[in-house]
1. Taking the criterion of being in contact with a Lys or Arg (Cβ under 9 Å, 6 or more places away or on another chain) and not in a loop (DSSP other than H, G, I, E, B), would at least one residue in region 33-49 satisfy it?
2. Do you know which residues across region 44-60 are surrounded by 14 or more Cβ atoms within 10 Å (Cβ to Cβ) and out of contact with any helix residue (DSSP H, G or I) (no Cβ under 7 Å at 6 or more places or on another chain)?
3. Report, by residue number, each residue of region 103-136 that is open to solvent by 70 Å² or more (accessible area, probe 1.4 Å) and either outside any helix (DSSP H, G or I) or of a type in the set (S, T, N, Q) (or both).
4. Checking the conditions here, which among THR184, THR171, THR177, THR167 is out of contact with any Pro (no Cβ under 9 Å at 6 or more places or on another chain), open to solvent by 70 Å² or more (accessible area, probe 1.4 Å) and hydroxyl-bearing (Ser, Thr, Tyr)?
5. Please enumerate the residues belonging to region 150-163 that are surrounded by fewer than 15 Cβ atoms within 10 Å (Cβ to Cβ) and modelled with pLDDT of 90 or more.
6. Give the residues of region 27-38 that are open to solvent by less than 70 Å² (accessible area, probe 1.4 Å) and at pLDDT 85 or above, sorted by residue number.
7. Does any residue of region 61-71 turn out to be touching a Gly at 6+ places or on another chain (Cβ under 9 Å) and more than 20 Å from ARG110 (Cα to Cα)?
8. Report, by residue number, each residue of region 66-78 that is open to solvent by 30 Å² or more (accessible area, probe 1.4 Å) and in a helix (DSSP H, G or I).
Amino acid sequence: MTLRARLRSVFESRGFQWSITTVIVVNALALGCETSPALTAGYGGLIGLVDSTALVIFVLELAAKVYAYGWRFFRDHWNNFDFLIVSLSLLPASAAFSVVRSLRILRALRLLSTVPSMRRIVAALLQALPGVFSIVGLLVLVLYVAGVMATKLFSEADAEHFGALGTSLLTLFQIMTGDGWADTMQRVMETKPLAWVFFVGYILISSFTVLNLFIAVVVNAMESQIKEEEAEIPAPRSHGESELLAELRSLRLEVQALRESRR
């Protein structure tokens, strides 16, 4: 077995993947500790050492993977994602690149590529993007129509929240999230008692219908992703099929041996 083949077997092993996952988690915790002045004052040297060690491990890992897989390494989108994250960490964290220091926490996103369940979720979200865009467009349309209506109906009753189209859109977006909509409705109803019809109808359409459609599209995409993965797994063979395959292999070897003996 060549060195590249040995490295590939190591990278694909469960133990190596768990080791890299542990390094990512420890590095993320260390970067979180840097936000505490007390921890930085007492253990700043140790935190910096953990961060530098993790970065060295990540660089060596990517370099070894590029050597083991060659250009095939860049055919995997997750490998490109890891390469980009680690490359950002290598930029100088001074002068114009001082913001890069805060971007080091992006290394924690490498968990998306190392944990299979997270990869499955991200793949399902990407698969659901076309449907999500359609629902977002529907939600924007509903929000715009409701904003125009609310501005015309309630601008005099509550100019603070519905005095202009932009203010109305912001207020309706807040109502859609369920934040303080009852107080806003009560304030408008002091002048317009039938305003509750608009607010209840808007909440039913935006929150209970459109947002639930968004959830349904994502769940459907995840189910499709799971079915595709299950279809790629070969079905287990019965005992009789296994014996038949073994006999065919032995016959093939015997025929090959006879051919070689005749030569």
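1. no
2. The answer is THR53, and nothing else.
3. Those that are open to solvent by 70 Å² or more (accessible area, probe 1.4 Å) and either outside any helix (DSSP H, G or I) or of a type in the set (S, T, N, Q) (or both): GLN127, SER134.
4. THR177
5. LYS152
6. ASN27, ALA28, ALA30, GLY32, CYS33, SER36
7. no
8. Within region 66-78, VAL66, TYR67, TYR69, TRP71, ARG72, PHE74, ARG75, HIS77, TRP78 meet the criteria.
The values are calculated or read from the model by the stated rules, or taken from the named source; none is laboratory data. Just so we're clear, the structure is a prediction, and the values are computed from it rather than from any experiment. Every residue, glycine among them, receives a Cβ derived from its backbone with ideal geometry; neighbour counts consider all protein chains shown. Ligands, DNA and RNA are excluded from the accessible area calculation, which covers all protein heavy atoms including side chains. Shrake-Rupley method; radii C 1.70, N 1.55, O 1.52, S 1.80 Å.
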